[in-house]
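Notes follow once the structure below has been shown.
Nothing in this text is a laboratory measurement; each read-out follows from the coordinates by a stated rule. Every value quoted in this text rests on a predicted model; they were computed, and no experiment measured them. Positions of Cβ are backbone-derived with ideal geometry, glycine not excepted, and every protein chain shown enters the neighbour counts.
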Amino acid sequence: MAVRRLQVFHAVAKHLSFTRAADALFMTQPAVTFQIRQLEEQYGTRLFERRHAGISLTPAGELVLSFADRILALSDELDTRLSEMTGEMRGALLVGASTTIAEFMLPRVLGEFNAAYPQVRARLIVANSESIESQVAEHSLDVGLIEVPGKLAGLTSQVCCEDELIVICAPDYPLAGMKSVTPKALADYEFISREPGSGTREITDAYFRSHKVPPESLKTQMELGSPEALKGVVSTGLGFAIVSRAVVAKELQLGELVAIPLRPALKRSLYLVFQKDRFQSRLTATFIEFARTKLKEMAS
């Protein structure tokens, strides 16, 4: 069986979508469909059930997927081991990051890593912390950078840097004149929150609970999926949000938003997550150490 055909099957099985698999593989959907049809003809059985609402794996498809995970992992290991024998750092690096890290911290890290290792092809996947952790656990990503410790079995979580969360609001919002604000005081103001599954949401909910303010008692006006969306809504004066200080450096400098420190301060650790038992290539290990060092430098 050709490795490429197996890669196509693996992508369709993971996404349960021919369209999303085609996008992930930079292929056309007809090309993906052709590869799957060839694989089904090779084994004389259907690997996917086609339904109006989507597709699902057949029992034969589940079996092929279990072998595909192992075969593709061994293929990656072979490529990496051979390249390491030549002394070159090359190959694909699949990195996932939560939205805040991906948008405001990781571009510099990836840029400097590419300058140091130009033969490496890094690809960045952006999602919330929960999704990134799941993709690392499923072997879809080599390493993830998230805002909460990994919870899934088989993963290692390592602290890479510290991050401070602050309150932001429009310059004419009632909170703007305060030098600091407590969780209890915030309960009187309109709150623009991150979405469930976000690391920032998990951290802020825990912070409010620890100070006897149930998150469900807050005057939550919206739940949004990105820091940029939060900043846009907050700038209209609709309410306040809690974000990483790194997210609003430009807006604070331009005077578009105001930052108010929380009292007590809210700080969190950012984490690198990767497979605990899976073979770790020199490339992945090098990136993990590189990212940890650079992020600590940026946070200091």
Based on the mean of other beta carbon atoms within 10 Å per residue, what is the order of 102-108, 9-15, 236-242, most packed first?
9-15, 236-242, 102-108
Between Ser134 and Thr33, 0.36 nm times their residue separation minus their Cα-Cα distance comes to what?
33.7 nm
Determine which aspartates and glutamates satisfy two conditions relative to Lys151: a Cα distance under 18 Å, and not lying fewer than 8 residues away in the same chain.
Glu130, Glu133, Glu138, Asp142, Glu202, Asp205, Asp277
In the chain, which helices (entire DSSP H runs) extend 27 Å or more along their own long axis, judged by Cα positions, while averaging at least -0.5 on the Kyte-Doolittle scale?
59-85
May I ask you to list the lysines whose Cα is less than 28 Å away from that of Lys179, ignoring any residue fewer than eight positions away on the same chain?
Lys212, Lys219, Lys231, Lys250, Lys267, Lys296
Rounded to the nearest 20 Debye, what is the dipole magnitude of the chain about its Cα centre when Lys and Arg each give +1 and Asp and Glu each give -1 at the C-beta?
140
Among 162-175, 38-51, how do they line up by average Cβ neighbours within 10 Å per residue, starting with the highest?
162-175, 38-51
Determine the dipole magnitude for region 1-87: charges of +1 sit on the beta-carbon of Lys and Arg, -1 on that of Asp and Glu, nothing else is charged, the reference point is the Cα centre, and the result goes in debye to the nearest 20.
320
Counting only helical runs of four or more DSSP H residues, what would the 222 nm mean residue ellipticity of the chain come to if each run contributes -39,500 (n - 2.57) and the total is spread over all its residues?
-14000 deg cm²/dmol
List the relative contact order of the chain as a percent without decimals, with contacts defined as Cα pairs under 8 Å and 6+ residues apart.
21
Spacing of the two label points (7 Å from each Cα toward its C-beta) at Arg50 and Lys151, in nm
3.8
Assuming R0 = 22 Å, can you tell me the calculated FRET efficiency for the pair Glu289 and Arg123, based on Cβ-Cβ distance, to the nearest 0.05?
0.65
Contour excess over end-to-end distance, with Cα ends at Ala249 and Phe26 and 0.36 nm allotted per residue:
76.8 nm
Given Cβ charges of +1 for Lys and Arg and -1 for Asp and Glu, the option among Val247, Val233, Gly177 whose Cα lies farthest towards the positive end of the dipole of region 164-267 is Gly177
Can you compute the modelled spin-label distance between Lys296 and Gln221, with each label point 7 Å from Cα toward Cβ, in nm?
4.1
